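Below is one structure, written out as structure tokens; the observations come after it.
The values are calculated or read from the model by the stated rules, or taken from the named source; none is laboratory data. Because the structure is a prediction, the values reported are computed rather than measured. Here the Cβ positions follow ideal geometry from the backbone for every residue, glycine too, while neighbour counts run over all protein chains shown.
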Amino acid sequence: MIPEHIEIMHIIQSINEIKDYGVPDFRGSKKYLVEYQNHYYPPEYLVSLANKYASGEILDISGVRGRDECMVYLSNLGFKIVDLCSLDVKILGFLNKQNIVSLTKIHSSENCPKCKNIIKGILEHIYGTIQVDHCTNLSTRPDDFKNTEYYEALKNIYELLQDYRSVINFVKETKLPACDFYVTNQGKILEFDESHHFNQLRALTLRNYPEDVKLDYDKMKWLRLCEKKIEKGNELNNGDEQRAWFDTLKDFLPSLNIQETKPINSITRLYTSDFVWCSLNPNELSKKEYSKQNGTDSM
């Protein structure tokens, strides 16, 4: 039974949260979506989140009965329910441009193999030549950055990671792993972060960045994503210290002024669950539209 205290404003708040954090795996809808301002959202997850804003806790909704109750409730509030099975070619084409949709049959998960190819296409549409899996050939040891102005900051972050779970030798790789994308004519690195990049250790590193480190993404949003995972009680895995450290090193690259064969002027990060990336059409996106969607107007 859906509580009557859930109102339209609570549904809107849950929609805004989905815009910020995306839809978690297994919380999408394969049959129905709620249409709101030309964007599409899973009904059960919307109502579950809305209850958090109405009463302080996420509502447990499961089964066909729960789904049907959500659709009736949302419909009574004035929201339009779309049956995915009845979508015609025109609507599917609309969804294939630039609108947020849930994790549905057109998108398997945040590890969807098509998403990274779409990102590459978008970047090529905006910038031109893109290199995938760009290698910097940089060391992963903090002492190798002694001659940079950020050595003390990096050393501090490294030691904090060591101390968190008393894992001293957490770095197994001697070279920094390849970056997801490199924009050749901009000297821009772009990383595509999945959910496992967000945890206590990544939050620890971000909180200890000097204020003048050059970041071309919203650090506070990345912190909020980490905190959201922490609130859910996520468990750390082997290798999480190393991943947090490698993300840190990549973030610092534009500020380190290290002589590289290819210049590194900035780093941008995208979150895999911000959009159903494989539903975007690179040929439909102008640079202005892409920047607006990703909050990277400086790009």
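Tabulated data
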{"read-out": "Candidate set: the stretch 205-226, residues that are among the acidic types (Asp, Glu) and touching a residue at least 12 places away in the same chain (Cβ under 8 Å); chosen: the one nearest to Ser255 (Cα to Cα)", "value": "Asp212"}
{"read-out": "Residue within the stretch 202-220 that is in a helix (DSSP H, G or I) and among the small types (Gly, Ala, Ser) present", "value": "yes"}
{"read-out": "Flag if Leu201 is more than 26 Å from Val132 (Cα to Cα) and crowded, with 20+ Cβ neighbours inside 10 Å", "value": "yes"}
{"read-out": "Qualifying residue in the stretch 204-215 (condition: modelled with pLDDT of 95 or more and among the hydrophobic types (A, V, I, L, M, F, W, C))", "value": "yes"}
{"read-out": "Of residues in the stretch 140-149 being part of a helix (DSSP H, G or I) and crowded, with 17+ Cβ neighbours inside 10 Å, the one nearest to the chain's Cα centre (by Cα)", "value": "Pro142"}
{"read-out": "Contacts under 9 angstrom Cβ, first residue in the stretch 121-139 being part of a strand (DSSP E or B), partner β-branched (Val, Ile, Thr) and at pLDDT 85 or above, 6 or more apart", "value": "Ile130/Val183; Ile130/Thr184; Gln131/Val183; Gln131/Thr184; His134/Ile189; Ser139/Thr174"}
{"read-out": "Of all residues making up the stretch 118-137, the number that are buried (at least 17 other Cβ atoms within 10 Å of the Cβ) and under 26 Å from Lys155 (Cα atoms)", "value": "2"}
{"read-out": "Answer residue from the stretch 1-27, given it is aliphatic (A, V, I, L, M), within 13 Å of Asn51 (Cα to Cα) and surrounded by 13 or more Cβ atoms within 10 Å (Cβ to Cβ) and is modelled with the lowest pLDDT among those", "value": "Ile2"}
{"read-out": "Residue among Phe170, Phe181 that alone is surrounded by 16 or more Cβ atoms within 10 Å (Cβ to Cβ), hydrophobic (A, V, I, L, M, F, W, C) and assigned to a strand (DSSP E or B)", "value": "Phe181"}
{"read-out": "Number of positions in the stretch 37-57 that are out of contact with any strand residue (DSSP E or B) (no Cβ under 7 Å at 6 or more places or on another chain) and either buried (at least 16 other Cβ atoms within 10 Å of the Cβ) or part of a helix (DSSP H, G or I) (or both)", "value": "12"}
{"read-out": "Qualifying positions in the stretch 182-232 - under 13 Å from the mean Cα position of the chain (by Cα) and basic (Lys, Arg)", "value": "Lys219, Lys221, Arg224, Lys228, Lys229"}
